[in-house]
Amino acid sequence: MSYWYVYQLKSLKVDDKHYTGITQDLKKRIKKHNAGDVPHTSKSRPWKIEIAIAFRDEQKARAFETYLKSHSGRAFAKKHF
């Protein structure tokens, strides 16, 4: 069984800069972020994983990622992560 990971990265270069994403291969994805292969995050690298949550259901993972990218989701993440 494969898992979907919703993750939040924290920039080690830019204070208070975060990125939220989704993947099935967390190790490969963080390597891509830190190699500069992801245009949206390339200028703020290096990155570290702040939190990653595994889901068995892709739809639930995508819904949670969407929530974390919303205004209330960002406030939730800032308070709890």
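Taking 23 Å as the limit for the C-alpha separation, the pairs K13/K69; K10/K31; K28/K79; K17/K79; K32/K79 exceed it in the case of K28/K79; K32/K79. Residue separation of H40 and A54 scaled by 0.36 nm, minus their Cα-Cα distance, works out to 2.8 nm of gained length.
Values in this text are rule-based calculations from the coordinates and carry no lab data. Source: prediction; values computed, not measured.
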